[in-house]
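Written below as structure tokens is the structure these notes are about.
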Amino acid sequence: RMAAVRVALDAAGSEVGLLTSPESIYYCTGLNHQGHFAFTALVLPIDGDPVLVAREMERPTVEAQATGCLFFGYTDSDDPALAVVRAIVQVGGSASVGVELGSMSFPPRLWHRITDSLPDVSWIDVSETVSEVRAIKSAAELGQVRRAARLSDKAMRTGIAAAGEGGRPSTIAADVYRAMIAGGSG
């Protein structure tokens, strides 16, 4: 997955990607955590080690889930923009950086602090580029999507069968979850 994103970033003219949407970060690294409510970014060079920028307290989670990534943590009193700038400079992103400007997880104030700190960088909007790569599924991914759909169908049928007059919502929900977990969801 990361290789496909790197090819797309290169084709878009960027030497580094600055990915901030949780979907793109998960797609490239496997990082699946509750910490996306705080700023998290993936600095992805075309060549070399990717860098995850997140709150310092996320270090154990990042190290467990996103192997192969360097980690630049920031504390709640730090400016995360500085960690992003440091990561971009470290991976060699001095000429052109592709950035997900359409990400709901990229505050404009942070964006401005990053661009003000790197005035010589050419910024390229790659919001759609990364989404397009994510939309193309491998055979293994399609198999998992189909499996998830079958589990969802089974859970929905279970919920419909359990629903009825006087039925307790918590009992229906428990039946639905039981069907999903018994079917292999986890």
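The values are calculated or read from the model by the stated rules, or taken from the named source; none is laboratory data. Fair warning: this is a prediction, and the values are worked out from it, not measured in the lab. As a convention, Cβ positions derive from the backbone with ideal geometry for all residues, glycine included, and neighbour counts pool all protein chains shown. The area values use the complete protein model at the heavy-atom level, side chains included, leaving out ligands, DNA and RNA. Shrake-Rupley method; radii C 1.70, N 1.55, O 1.52, S 1.80 Å.
Given H placed 1.01 Å from N in the peptide plane, which residues other than close sequence neighbours of Tyr74 have an amide H under 5 Å from its amide H?
Ala54, Arg55, Glu56
Of the peptides 133-143, 154-164, 18-28, how do they stack up when ordered by the mean number of other Cβ atoms within 10 Å, highest first? If you can, show how the numbers build up before the last one.
Values: 133-143: 11.1, 154-164: 14.3, 18-28: 23.0.
Listed from highest to lowest mean packing, they are 18-28, 154-164, 133-143.
Which Cα, out of Thr75, Ala64, Ile88, lies furthest along the positive dipole direction of the range 64-186 (beta carbon charges, K/R +1, D/E -1)?
Positive-most Cα among the choices belongs to Ala64.
To the nearest 20 debye, what is the magnitude of the charge dipole of the range 102-186 about its Cα centre, counting +1 on the Cβ of each Lys and Arg and -1 on the Cβ of each Asp and Glu? Working shown, then result.
On the way: 11 positive and 9 negative charges, 113 e Å.
That gives a dipole near 540 debye.
Amide H of Ser122 versus every other amide H placed in the peptide plane: which residues, excluding those fewer than 5 positions away on the same chain, fall under 5 Å?
Sorted by chain and number, the residues that satisfy this are Ser96, Val97.
Which whole-number percent gives the relative contact order of the chain, counting Cα pairs below 8 Å spaced six or more residues apart?
Numbers: 271 pairs, mean separation 37.9, N = 186.
Reported relative contact order: 20 percent.
At 7 Å along the Cα-to-beta-carbon direction for both Met57 and Thr171, put a label point, then send me their distance in nm to one decimal.
Between Met57 and Thr171, the label points sit 4.0 nm apart.
For the range 147-156, take each phi angle, set θ = phi - 60°, evaluate the Karplus expression 6.51 cos²θ - 1.76 cosθ + 1.60, and give the result in whole Hz per residue in order, putting x for glycine and proline.
Running phi through 6.51 cos²θ - 1.76 cosθ + 1.60 with θ = phi - 60° gives 4, 4, 5, 4, 5, 5, 4, 4, 5, 5 Hz.
Starting from the alpha-carbon convex hull of the range 1-154, give the projected area averaged over all orientations, in nm². Numbers along the way, then the final one.
Details: hull surface 37.6 nm².
Convex hull of Cα atoms, orientation-averaged projection: 9.4 nm².
What list of ³J(HN,Hα) values in whole Hz, one per residue of the range 40-47 in order, does the Karplus curve 6.51 cos²θ - 1.76 cosθ + 1.60 (θ = phi - 60°) give from phi, with Gly and Pro shown as x?
9, 9, 10, 9, 10, x, 4, 10
Just flag the trypsin sites (Lys or Arg not before Pro) in the range 21-112 sitting in loop per DSSP whose Cβ has no more than 13 other Cβ atoms within 10 Å. Working shown, then result.
Details: sites: Arg55, Arg86, Arg109; in loops: none.
The qualifying sites: there are none.
In Å³ and rounded to a whole number, note down the convex hull volume per residue for the Cα atoms of the range 126-180. Could you put the intermediate results ahead of the total?
Working: hull volume 5.6 nm³, N = 55.
Cα convex hull per residue, to the nearest whole number: 101 Å³.
State to the nearest 20 debye the size of the charge dipole of the range 40-159 about its Cα centre, where the only charges are +1 on K and R beta carbons and -1 on D and E beta carbons. Could you put the intermediate results ahead of the total?
On the way: 12 positive and 16 negative charges, 171 e Å.
The calculation lands at about 820 debye.
How far is it, in nm, from the label point at Ala38 to the one at Asp153 when both lie 7 Å from their Cα along the line to the Cβ?
Between Ala38 and Asp153, the simple spin-label model gives 4.3 nm.
Tell me what the chain gives for mean residue ellipticity at 222 nm when only DSSP H runs of n ≥ 4 count, each as -39,500 (n - 2.57), the sum divided by the residue total, rounded to 500 deg cm²/dmol. Mind showing how you got there, number by number?
Working: 8 runs with 94 residues, N = 186.
So the helix-based figure for the chain works out to -15500 deg cm²/dmol.
Over the range 132-186, average the accessible area per residue using a 1.4 Å probe and give it in Å², no decimals.
74 Å²
As I understand it, the value is the acute angle between the Cα axis of helix 108-117 and the longest principal axis of the Cα atoms of the chain; what does it come to in degrees, rounded to 10?
Helix 108-117 and the main axis of the chain meet at about 30 degrees.
Report, in degrees rounded to the nearest 10, the 0 to 90 angle that the Cα long axis of helix 2-11 makes with the longest principal axis of the chain.
The angle comes out near 50 degrees.
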